[in-house]
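A short reminder: the numbers here are calculations on the coordinates, not readings from a lab. What you are looking at is a predicted structure, and each value in this text was computed from that prediction instead of being measured. Ideal geometry is used to build each Cβ from the backbone, glycine not excepted, and the neighbour counts take in all protein chains shown.
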Protein chains: 4
Amino acid sequence: MSKISVAVLGATGMIGQRFIQMLEDHPYFEIEGLYASERSNGKKLSEVLKVRDHVYLDETMDMEIQTMDIKKISANCRIAFSGIPSDLAGPTETELAGEGVAVFTNAGSHRMDEHVPILIPEVNPDQIEAIKDQPTYSNGGYIITNANCSSTGIAAPLAAINNVYGLKQVFVSTYQALSGAGYPGVPSLDAVGNVVPYIGGEEEKMESELAKMLGTYSDGKFNYAGFKVMANCARVPVVDGHLESLVLELEQQPTLEELDACLSGFRGEPQELGLPSAPEQPIIVRKEANRPQPVFDAMAGRPARAKGMAVTIGRLRQGNGYYKAFAMSHNTLRGGAGGSVLNAELAKARGLL
Amino acid sequence: MSKISVAVLGATGMIGQRFIQMLEDHPYFEIEGLYASERSNGKKLSEVLKVRDHVYLDETMDMEIQTMDIKKISANCRIAFSGIPSDLAGPTETELAGEGVAVFTNAGSHRMDEHVPILIPEVNPDQIEAIKDQPTYSNGGYIITNANCSSTGIAAPLAAINNVYGLKQVFVSTYQALSGAGYPGVPSLDAVGNVVPYIGGEEEKMESELAKMLGTYSDGKFNYAGFKVMANCARVPVVDGHLESLVLELEQQPTLEELDACLSGFRGEPQELGLPSAPEQPIIVRKEANRPQPVFDAMAGRPARAKGMAVTIGRLRQGNGYYKAFAMSHNTLRGGAGGSVLNAELAKARGLL
Amino acid sequence: MSKISVAVLGATGMIGQRFIQMLEDHPYFEIEGLYASERSNGKKLSEVLKVRDHVYLDETMDMEIQTMDIKKISANCRIAFSGIPSDLAGPTETELAGEGVAVFTNAGSHRMDEHVPILIPEVNPDQIEAIKDQPTYSNGGYIITNANCSSTGIAAPLAAINNVYGLKQVFVSTYQALSGAGYPGVPSLDAVGNVVPYIGGEEEKMESELAKMLGTYSDGKFNYAGFKVMANCARVPVVDGHLESLVLELEQQPTLEELDACLSGFRGEPQELGLPSAPEQPIIVRKEANRPQPVFDAMAGRPARAKGMAVTIGRLRQGNGYYKAFAMSHNTLRGGAGGSVLNAELAKARGLL
Amino acid sequence: MSKISVAVLGATGMIGQRFIQMLEDHPYFEIEGLYASERSNGKKLSEVLKVRDHVYLDETMDMEIQTMDIKKISANCRIAFSGIPSDLAGPTETELAGEGVAVFTNAGSHRMDEHVPILIPEVNPDQIEAIKDQPTYSNGGYIITNANCSSTGIAAPLAAINNVYGLKQVFVSTYQALSGAGYPGVPSLDAVGNVVPYIGGEEEKMESELAKMLGTYSDGKFNYAGFKVMANCARVPVVDGHLESLVLELEQQPTLEELDACLSGFRGEPQELGLPSAPEQPIIVRKEANRPQPVFDAMAGRPARAKGMAVTIGRLRQGNGYYKAFAMSHNTLRGGAGGSVLNAELAKARGLL
């Protein structure tokens, strides 16, 4: 079986480089082209990366890919993985879908569009069917988004719990990594020895995206889940990996052992289907007093292809009628490029490619 | 009027050095002796500080104090400011109070004792009267504690709000500074580029101390406030200054403007009395999108003597029936040595010294 | 005696804010105007600082200054302190000098111009006389630069040693702070847990500026000192304060005690004249095994106005015919705005204003 | 061919865990036993690692190894890889060698012993023959040390250059990672936003070890190389990877292109023999303006087993009769456990096991 040719949009950026990493030696997909802004047009990837100060992944990057020419974005590919900025992503992705391209995007522009799913294959695989109601679907084009990185980090645990015990309220505070702001992103004078308690739009995204993802799609529209989310978002001096504190109000009152079992035992469609980038155990529960931590747990996930794709939960506690925990996930893998690649794997498995 | 002689217990530690800093040129108090563990006995402070790797405040420390001899703890002083570890503090402070010493302590050992107030003069000045029920009071000895540093950081804002609008629930997540763990404290390999979502006993302290402080003392016992606290505590790579995210449920529904006015306008007994270490405005409300931050706001407070004694609040928001904010305070000044010094100033003003 | 009115150019930048800090309540100078780029024109300083993410010094800044209007740069002042970027500084400062303004600048544009001194009042006070050969001097205008921050940090110790024991070779490696790159400056992803072994042009500046400063000015031209400098420059994740390692080859072979005495006892014209921003002891020698360190020693200098104006030396060692040491100085105070303010104080004392 | 059974001494420490990592699936060696101090005796590795706060490598560690029992050190093995502290290493390693064990150690205790080589297989493979003069050699026991981590980082480049162009003087300043101090090691309050310009004994080690390694062994004794080393050592807030600045005086005056070719083209006995942990190219020369950097270059080395085993050089410059560069190496892989494993591979290839 020949592989499906894919394009990476925004290949020189932080998410773009993570796309390249996730797609190396991929069993379904093969990089056909790298696309970036006008000013990189015609250059080789390695040249562009060397001109910039920051070459995030060059040590591990395949030489064949390093010497690919970067092109201006066009539509001659079956799949486009998009890591371009939101302002550009909006019109570009619409245009590509119109020309028959299946767009899997990390950008936020279309997340709240009707018929566009915010997809996490373990959480809401059936919402992928919404694409059939997109006007461009008939000629093969559609848009599938992944969630904001901080929403992704808790979506699977919340879904696992919601399925069994019913979620009523979610109080979440984030400890978000610097890579979430891209490069150059946060100035070092704001980061070293400091915390910035503000990430533009992030709290609103968490409060709306989780409800959309944990809802349903039927009769041509999304029905949002009924629980409430109260989010406080902050940036901490960590390179990769978002930590999030949780206080949950549930409909039922499971014991902590039941909650642990519910999370540890959670499996979704990607696990059943054995999708290549799916972690064997999507939610890892740590028992140690002081975990999860970014330096130890951001890259959780087995097998090797799924490193950084598992979510880690720890410090399960209970009191005052609430449940408390800390969750950890990799913001540019599970919460970025890896999420979109897994979405494309689900699309292929469901015959949508 | 001659100054009251005071002793600093644990003078070589991080809180001890902050006590020395707060007591330099103090209008009421004069350092009579520095006390530390057996192994420093008979040495000069400057010698001990130079032997250790970490000399926190030497650049600013008065030469006369630097050359004081360190003694083994004894009871020949009117006031003891205690920055010794909790295991040692328990029996030592009991003994000192028994011998007629007024103990103002940063240690947690006696915080939950009956008749021992956890005092923040802006918040619960009347609870100081509890000391009169301590068995040692008749011969002049008593113990007054300050709160845990993360409780202190939000106690004044919560009190200001509770007084007017009634608190029902407090959801708090902390971003706590490294200096809170003392020296050597947190290993650098756990701190650089990392967050540790665990501080032993901290969440329990927040959940009990705030209720005690915002309650009342009458008929010889403390009546705890009725609101609930759900705390998640984490250590971030910041040197000084605890940031805390808040979600509050109130009995009434003030506008954000009303809430801001309530906080900014809050004044307590220390402000009325003009106590030396009291900040003119104990709660500062910042309007910027991205404040408070440790590097900018930890040292808030005017005049000069009250630097690090004000609490800063920012990002007041409202939604889903809740109020949200971030709070910031200096954990070893307002939340440590400075808190105890202000407590002693209140004791003096109320004629208890 | 009325104070001399001064302008601060680049008032919204990092050096500009340090100028404002150094000039508050200054005995000789009074801020007459704040100047910045077109886009701040007509706004109040506090507005501009609040619009930007980073407000470096607002907590300590005088309210009267905070509410000053920012103007477009013009020439109606006796003194201009310049913290503008080098590309802009070149022509702007030339123009101002042409219109009779005494320019004290932190920018590098004119450092290597003939008749323009790179002035450090403790090191080469007589080079100030070079301004008399500037073509604009006759109408009162001239340019005096301070050295690059990493050169400044070692200039006084090298001068002290050179005067007595003769310098032959200087091997220096720098550990430079992030504030040296301004704001936004270094991206946090390059700074957190990392070292960047490159600062554009810095090594060349060190190798040329030190020789110019430690040389002489006579017969209308600068005669460079004869020692050689071999510099390696790197950026470390420190906020303020440049650390530098030194290996020195000298003409004579003093003992370490003699070297220590030579450095500790060094005094210059600013100390003799009692200039307001001059540290009583310009070179502090620490005996501890592990000093100087940025967090402890960057702000060295007494009295209060001279904080951050002293250089700290430590770890004096000897072997293989060489001398070794570490030096530390504050890069935006002594090595930035403070240096220019001290230069202006010298100019005034010498009757050049 | 069956694998050689090996013991890991100090298995619960930072170097011990790196030994385990390097030995997983090793083609020559198989872990027979894990040894640590009395207090871990009889426990499983995973238990000990979980009790401690810091579990450096657990995510990647083989489950079979995680559940091995930790034993008290004994002599029933052919090879002992030693990551125990120097004070303990001295007598323990002597005793093991006496009982016929081949000891490959990271500890410094025996480095300066006669007949004990400080071995880097690319640099001084023939010095391995010195073990034949150790008194215990006749019954199969001997000690081979690797160099101090900061010496290792520059030994190969210096050897490559010395072989061709002759080294006269080496001026080196280090930017050393926190992991070099072990765990708990450096307190975070000394590390965050700071540099500590002192590492006990490090400079002396660099000045003596390099001369021993780049010398020869003949007639039963080591002849030290004649060049001089002047070292300044400092600790920076980096997790893994030592950066070092270099100024070199050479006997000849190659062009920078010649120097680059000399370094890039350097190969040693491990490369000729194809030893499993040998990097294909032991010295990588980077052309970018701002490399090497810890976050990008610490893990340099191909193939996968040799990650962290290559040294990276960058910023080759020339002036004043000197050559300048920055070098980078992984301090606990090439400069720690990996170095000892490669030493054992050489011993096997030379028939000494």
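Summary table
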| item | result |
| --- | --- |
| Over 21 Å between alpha carbons, listed pairs A:Lys287/D:Lys43; C:Lys72/C:Lys307; C:Lys324/D:Lys324; B:Lys168/B:Lys287; D:Lys44/D:Lys307; A:Lys212/B:Lys168 | C:Lys72/C:Lys307; B:Lys168/B:Lys287; D:Lys44/D:Lys307; A:Lys212/B:Lys168 |
| For the axis carrying chain D to chain B: nearest C-beta residue of D, whole Å | D:Ser188, 2 |
| Distances in nm from D:Lys43 to the matching label points in the other copies, shortest first (labels 7 Å along Cα to Cβ) | 3.1, 5.3, 5.8 |
| Considering only segment D:149-330, percent of DSSP beta bridges that pair antiparallel, nearest 5 | 70 |
| Overall dimensions of segment A:1-48 by Cα: Rg and Dmax, Å | 11.2, 36 |
| Segment A:149-331: relative contact order as a whole-number percent, Cα under 8 Å and 6+ apart | 27 |
| Between segment D:114-170 and segment B:321-353, the Cα center-to-center distance that results, in Å | 61 |
| Label distances, nm, D:Gly215 versus same residue in remaining copies, Cβ-directed 7 Å point | 4.4, 7.5, 7.8 |
| Loop sites in segment A:232-303: GluC sites (Glu not before Pro), DSSP, at most 15 other Cβ within 10 Å | A:Glu251, A:Glu280 |
| Simple Cβ-charge dipole of segment C:149-330, Lys/Arg +1 and Asp/Glu -1, about Cα centre, in debye nearest 20 | 260 |
| Whole-number percent relative contact order across chain C, with pairs defined as alpha carbons under 8 Å at least 6 apart | 17 |
| Dipole in debye (nearest 20) - the protein assembly as shown, about Cα centre, beta carbon charges: Lys, Arg +1; Asp, Glu -1 | 0 |
| Filtered chymotrypsin sites (Phe, Trp or Tyr not before Pro), segment D:246-353: DSSP coil and at most 13 other beta carbons within 10 Å | none |
| Value at 222 nm in deg cm²/dmol, rounded to 500, when DSSP H runs of n ≥ 4 in the protein assembly as shown each add -39,500 (n - 2.57) | -7500 deg cm²/dmol |
| Average projection area in nm² (convex hull over Cα atoms of the protein assembly as shown, one quarter of hull surface) | 54.3 |
| Built amide H within the under 5 Å cut-off of D:Ala80, gap 5+ | D:Ala7, D:Ala102, D:Val103, D:Phe104 |
| Spherically averaged projected area in nm², based on the convex hull that wraps the Cα atoms of segment D:169-305 | 11.0 |
| Geometric extent, Cα atoms of chain A - Rg, Dmax (angstrom) | 19.4, 61 |
| Position C:Glu272, label points 7 Å along Cα→Cβ, spacing to each other copy in nm (shortest first, one decimal) | 6.1, 6.8, 9.0 |
| Cα-based helix-to-principal-axis angle, B:86-98 vs chain B, degrees rounded to 10 | 70 |
| Antiparallel content of DSSP bridges confined to the protein assembly as shown, in %, to 5 | 45 |
| In degrees, nearest ten, helix A:149-165 long axis to first principal axis of chain A (Cα) | 40 |
| Selected from A:His115, A:His242, A:His330 as most flexible by GNM, with chain A as the system and alpha-carbon contacts under 10 Å | A:His115 |
| Residue-count net charge about C:Arg78 - beta-carbon cut-off 13 Å; Lys, Arg +1, Asp, Glu -1 | -1 |
| Phi to ³J(HN,Hα) by Karplus 6.51 cos²θ - 1.76 cosθ + 1.60 over segment D:19-32, Hz, x for Gly, Pro | 4, 4, 4, 5, 8, 4, 6, 6, x, 9, 10, 9, 6, 9 |
| For B:Phe222, distant residues with modelled amide H under 5 Å away | B:His115 |
| Folded to 0 to 90 degrees: helix C:202-213 orientation relative to chain C principal axis, Cα | 80 |
| Long-range HN-HN contacts of B:Asn232 with modeled amide H, under 5 Å | B:Val172, B:Ser173, B:Thr174 |
| Under Karplus coefficients 6.51, -1.76 and 1.60, residue-wise ³J(HN,Hα) of segment D:178-195 in Hz, glycine/proline x | 5, 5, x, 9, x, 10, x, x, 6, x, 4, 5, 8, 9, 5, x, 9, 10 |
| Separation of alpha-carbon centers, segment B:186-259 and segment D:180-214, rounded to whole Å | 39 |
